[in-house]
Structures are given as structure tokens and as C-alpha cells.
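The values are calculated or read from the model by the stated rules, or taken from the named source; none is laboratory data. Source: prediction; values computed, not measured. Using ideal geometry, Cβ is built from the backbone for each residue, glycine included, and neighbour counts are taken over all protein chains shown.
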Amino acid sequence: LMEVACGPDLTLKPKAKKNNDQPYSGSNSVYLVFEHCERDLGVLLDTRTQPFSASEIKLIMRQLLLALHHLHSNFVIHRDVKLSNILISSNGSIKLADFGLTRTFTEPGHAMTDGVVTLWYRAPELLFGASTYSEKIDMWAVGCIFGELLLNNPFLPGKTEQEQVNLMCELLGVPEPKSWPEMEALPGYSQLRLPASPKTSSLRELFKKETPNCVDLLSRLLIYNPANRISARDALLHPYFTDQPAMSCVRLLSTNMQLTRQKQEARAKRRWPNVEGSEKEKSRQPRNAASDRENLILEAKRIHKASIFD
């Protein structure tokens, strides 16, 4: 069990500590004792009546990067960073969870499976079938999470690997061999079709309301060539975190979570006075990720074309 195997190396710092206590072994079973966290970031994003503020996003990103910096400093790749694996405790602290796919890495890297990381957060080197890769796959996933928090909608919600590549190229431009020479040698490169255009990224058009430092950090997390993709350490030193608006504090995030829960409970009592909580959750409609994102991309393209002919 990777949860147990990685335990001793990952409990050095409280900030980046895995969210489980020491395992207890009975006669034929192993038990893991976990800290209770009320919800994960995906559920919180879906159930909030308002998007996260810029200050809250900055706090969430910093805590996530601190956890990954600790992992990567101990030569550990998480390999499944996604919203549902980011838990939020009652005091507003971020907890990176689910170490079932975690692996240690060396330099040069040894062969590992490419079928890791949930599709929406999967790095391009994995999509192209790389069997040797680094901790930079976690950083791509962080970029997708960052984009999702900013949009308040799924960022690259592909249903297949080909669709994921198409969405990636549509937003970031088509990767070119001159900026990523190793790309064409990857085993899955010839199996996936790259679109002919666009050649340039539309990130700045899509996130035109965000600060330049915010978009710059996002673009550095989403660099195709993993060798040039920003590390967790360098991301923590990025001026985005000292830029305005100032980062929120953990206490305020915790307070906002409590207010969100109270509003949900009050709304549920009005709408379902005699229905159990599980039935209420079944009634909640999921976000229409594809249509929402398509509208955002179309708007970004319209603005980009207009700027060309101005």
C-alpha cells in the first residue's frame, strides 16, 4: 500500500503532512486512521453560491504548492492531483489526499505507467504515452486546478484522450517540436492527431480579468515541455503570491466555508422540508462543463480576432 509505504517520508512537516495517522495492523488487516475533513475542493466548488475570491484562490494555491513542494523534495510524485483529492479541514487548511498512485522518482527516471492522473488533469507527456516522466506531471495538474478555480468551471473537460488533446491545443496552441524536441519520439505521439491550428495561446484572452502575474503563473504551469514547466518551489516564489489582492487567511476561508454550509442547510430546509440529505444531493444538477467552457473559448476567440483587426 503506497499510503503506508510513503508514510515515514512524508510526515516531516505538519504543513505537507499526509492526512492519515500511523497505520494499525490487526491479525489479517491494516487500518488507516484519517483526520476528518468535511468536504473536498470539488464538492465545495460545486455547492458554493459564489465563486472563490481572488484572495481565496491564492490561499488555496499556496497551500497546495507547499504540499507538492514537500512531496517533490522527498522524491515523491503524487500522480493523481485533482479537485476531489484536495480536502479542506474545518479550520480551512488544505490537505492533499489519496496516495494510492504515488511513486518515488529518480534522476534519470525509471519506467512507470502512463495511465495515471484523471484525464482532465493529465499532462501532455502522459497523453503521448511517456513511460519516463517526472514530478512535473503534478505541476500540470496544478495548472488545470488553477484554471478551474479561476473559471469556476472545469478547465479542460475532455471525454477521451483525443478530445483532451484537442481542448489543450485549442486553448494553449499546438505544441511545436522546436519547443519540445522529445515530443515526436513519444510512443503515443503518432496515435493522436494534433490540429493544424491555433499556433498561439488564448489564455490571456480567456483570463483577461485576471492580473498579469496570475496569468503568467498559469501559463508557466501549463508549458508543454515538462523540462521548462515551473516547479513547485519556483511557483511559490512567483510574484503572483505577493501581488494584489492580498492572499486570504486560513481563518477567513474556514469562516466562508461555514457560511456556505449554513446557507445550503437553510436552502435545503426550504426546498426539501421532508427529504433526507442523500436525496437532496441526488436532486442537485451537475455543472454543464462542456457547454460552459465552449462559450468561454468562443468569447476568447472573438476577442482575439477583434484585436487582430483593430
Among the residues of segment 46-87, count how many are among the small types (Gly, Ala, Ser) and crowded, with 21+ Cβ neighbours inside 10 Å.
1
If we keep just the residues of segment 129-149 that are assigned to a helix (DSSP H, G or I) and β-branched (Val, Ile, Thr), which is surrounded by the fewest Cβ atoms within 10 Å (Cβ to Cβ)?
142
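Please work out which residue is surrounded by the most Cβ atoms within 10 Å (Cβ to Cβ), limiting yourself to segment 27-43 and to residues that are at pLDDT 85 or above and hydrophobic (A, V, I, L, M, F, W, C). First the steps, then the outcome.
Going through segment 27-43, the residues at pLDDT 85 or above turn out to be 40-43.
Keeping just the survivors that are hydrophobic (A, V, I, L, M, F, W, C) gives 41, 43.
Working: 41: 22, 43: 15.
Looking at the filtered set, the residue picked out is 41.
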Residue 95, sole failed condition from (1) in contact with a Ser or Thr (Cβ under 7 Å, 6 or more places away or on another chain); (2) at pLDDT below 90; (3) of a type outside the set (Phe, Trp, Tyr); (4) surrounded by 18 or more Cβ atoms within 10 Å (Cβ to Cβ)
(2)
What is the number of the single condition among (1) outside any helix (DSSP H, G or I); (2) surrounded by 18 or more Cβ atoms within 10 Å (Cβ to Cβ) that residue 243 does not meet?
(2)
Under 7 Å between Cβ atoms, at least 6 apart or on separate chains: pull out the pairs that start in segment 181-194 with a residue that is part of a helix (DSSP H, G or I) and end on any residue that is exposed (fewer than 14 other Cβ atoms within 10 Å of the Cβ).
183/177; 184/177
Residue 179 vs. criteria small (Gly, Ala, Ser) and closer than 27 Å to residue 237 by Cβ:
yes
Any residue in segment 234-251 that's over 21 Å from residue 70 (Cβ atoms): show its pairings with residues that are part of a helix (DSSP H, G or I) and acidic (Asp, Glu) at Cβ separation under 8 Å, as long as the two are six or more apart or on different chains.
248/56
Of the residues in segment 209-230, those that are hydrophobic (A, V, I, L, M, F, W, C), under 14 Å from residue 122 (Cα atoms) and either touching a Ser or Thr at 6+ places or on another chain (Cβ under 8 Å) or in a loop (DSSP other than H, G, I, E, B) (or both) come to 222, 223
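Touching a Leu at 6+ places or on another chain (Cβ under 9 Å), assigned to a loop (DSSP other than H, G, I, E, B) and aromatic (Phe, Trp, Tyr): is that true of residue 155 in this structure? Break it down stepwise before answering.
On the way: touching a Leu at 6+ places or on another chain (Cβ under 9 Å): yes; assigned to a loop (DSSP other than H, G, I, E, B): yes; aromatic (Phe, Trp, Tyr): yes.
Spelling it out, residue 155 is indeed touching a Leu at 6+ places or on another chain (Cβ under 9 Å), assigned to a loop (DSSP other than H, G, I, E, B) and aromatic (Phe, Trp, Tyr).
Can you tell me which residue within segment 166-180, out of those that are within 19 Å of residue 228 (Cβ to Cβ), touching a residue at least 40 places away in the same chain (Cβ under 8 Å) and assigned to a helix (DSSP H, G or I), is nearest to the chain's Cα centre (by Cα)? Step through it out loud before you land on a result.
The initial filter retains those residues of segment 166-180 that are within 19 Å of residue 228 (Cβ to Cβ), namely 168-169, 171-180.
Narrowing further to those that are touching a residue at least 40 places away in the same chain (Cβ under 8 Å): 168, 171-172, 175, 179-180.
Adding the requirement that they be assigned to a helix (DSSP H, G or I) leaves 168, 171-172.
Values: 168: 15, 171: 16, 172: 17 Å.
Here the answer is 168.
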Residue check, residue 157 against (1) within 13 Å of the chain's Cα centre (by Cα); (2) modelled with pLDDT under 90, all met but one. Which one?
(2)
Scan (1) under 19 Å from residue 119 (Cα atoms); (2) in a loop (DSSP other than H, G, I, E, B); (3) of a type in the set (S, T, N, Q) for the single condition residue 200 breaks and write down its number.
(1)
Return only the number of the condition from (1) within 29 Å of residue 49 (Cβ to Cβ); (2) buried (at least 16 other Cβ atoms within 10 Å of the Cβ); (3) more than 15 Å from the chain's Cα centre (by Cα) that residue 209 does not satisfy.
(2)
